[in-house]
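Following: one structure in structure tokens, then a few remarks.
What follows draws every value from the coordinates through simple rules; no lab data is involved. Everything numeric here is computed off the predicted structure, so don't read it as measured data. As a convention, Cβ positions derive from the backbone with ideal geometry for all residues, glycine included, and neighbour counts pool all protein chains shown.
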Amino acid sequence: MKTSSEVDNYLLLDSCIVQYLLNKEISPNLRQQLKKWSGDIFNFAISEITYAELLNGTLKNKEAEVISLLDKFYSFTISKRIIKGCGKLGSVYKEYNQSLKEIDTGDRIIASTAIINNLFIVTANVRDFPFPFFSSIANYNIIFEKKRNKRMISIAVLKPNYEFITHAFNHRL
Amino acid sequence: MGAKQILKQIDTSQWVLKLGKDTFTIEAKASDVKKGLPVNELIKEIDKASKENLLSNEDIF
């Protein structure tokens, strides 16, 4: 029997969450809430696509530090089954609702990673992981100050809705 | 909601996703995961990194 210290459950952090973790105004509250959600049960994981999404906004002289930090997260490889899932998910999204075709490949790779590995996603962009394909099980608002104005972001824990996903995939046109 | 309540949302029986002729067992495969730091150590690293302005698109609002 596994003890609670043998963690093999993961909270899959969307790239935006990692980005916010590196933002000095947002990071303290966000870290506190993520710690609460993880307890001693979940580890924080990322998809390998997060390397691409974060390096896209990184200065050349900081690239090595960003890579070094991302290497410290548990990370899920982008396997062929995840890429196939990402592609099929795009078709299913589009059939369900035309507006969902705007969801980009990176977000669908994260969605596919969560579906295939039975993971919870933590995101600040719930629209990228649409209901009813995903359902929200916890929410938290982070209020912070930026340029003397109060701002708020909402973060959520989402889980794949397997009944609906199975139905949607099996009833594709 | 804390970690234990979130954990309860995982169906402990293995999910099997049947997509047409294909059947997939839904579980995190160890071979697909690269190991990282435990949460407490990772949080300390993030704390340090968040003070260093690593991202050029920091002004996100």
Count of residues meeting criterion [over 19 Å from the mean Cα position of the chain (by Cα) and either of a type in the set (A, V, I, L, M, F, W, C) or surrounded by 11 or more Cβ atoms within 10 Å (Cβ to Cβ) (or both)] in region A:153-173: 8
Please find, among A:LYS88, A:LYS72, the residue that is surrounded by fewer than 23 Cβ atoms within 10 Å (Cβ to Cβ) and free of Cβ contacts under 8 Å to residues at least 24 places away in the same chain. A:LYS72
Being more than 8 Å from chain B (Cβ to nearest Cβ) and in a loop (DSSP other than H, G, I, E, B) is the filter; apply it to region A:13-37 and report the residue that is surrounded by the fewest Cβ atoms within 10 Å (Cβ to Cβ). A:GLU25
Would you confirm whether or not region A:154-167 contains a residue that is touching a residue at least 24 places away in the same chain (Cβ under 8 Å) and over 26 Å from A:ILE41 (Cβ atoms)? no
Taking region A:96-108 on its own, how many of its residues are touching a residue at least 24 places away in the same chain (Cβ under 8 Å) and surrounded by 23 or more Cβ atoms within 10 Å (Cβ to Cβ)? 1
Kindly indicate the residue of region A:44-69 that is buried (at least 21 other Cβ atoms within 10 Å of the Cβ) and under 26 Å from B:LEU7 (Cβ atoms) and also farthest from the other protein chains (Cβ to nearest Cβ) among those meeting that condition. A:ILE49
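Condition check ((1) in contact with a strand residue (DSSP E or B) (Cβ under 9 Å, 6 or more places away or on another chain); (2) within 15 Å of A:ILE26 (Cα to Cα); (3) within 12 Å of chain B (Cβ to nearest Cβ)) across all residues:
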{"site": "A:THR105", "(1), (2), (3)": "no, no, no"}
{"site": "A:ILE109", "(1), (2), (3)": "yes, no, no"}
{"site": "A:THR113", "(1), (2), (3)": "yes, no, yes"}
{"site": "A:ASN118", "(1), (2), (3)": "yes, no, yes"}
{"site": "A:ALA124", "(1), (2), (3)": "yes, yes, yes"}
{"site": "A:ARG127", "(1), (2), (3)": "no, no, no"}
{"site": "A:ARG151", "(1), (2), (3)": "yes, yes, yes"}
{"site": "A:PHE164", "(1), (2), (3)": "yes, no, yes"}
{"site": "A:HIS171", "(1), (2), (3)": "no, no, yes"}
So which residues in region A:70-80 are under 18 Å from the mean Cα position of the chain (by Cα) and either more than 7 Å from every other protein chain (Cβ to nearest Cβ) or closer than 16 Å to A:GLU53 by Cα (or both), if there are any at all? A:LEU70, A:ASP71, A:PHE73, A:SER75, A:PHE76, A:THR77, A:ILE78
All-but-one check, A:VAL122 against (1) without any contact (Cβ under 8 Å) to a residue 24 or more places away in the chain; (2) surrounded by 22 or more Cβ atoms within 10 Å (Cβ to Cβ), failing number (1)
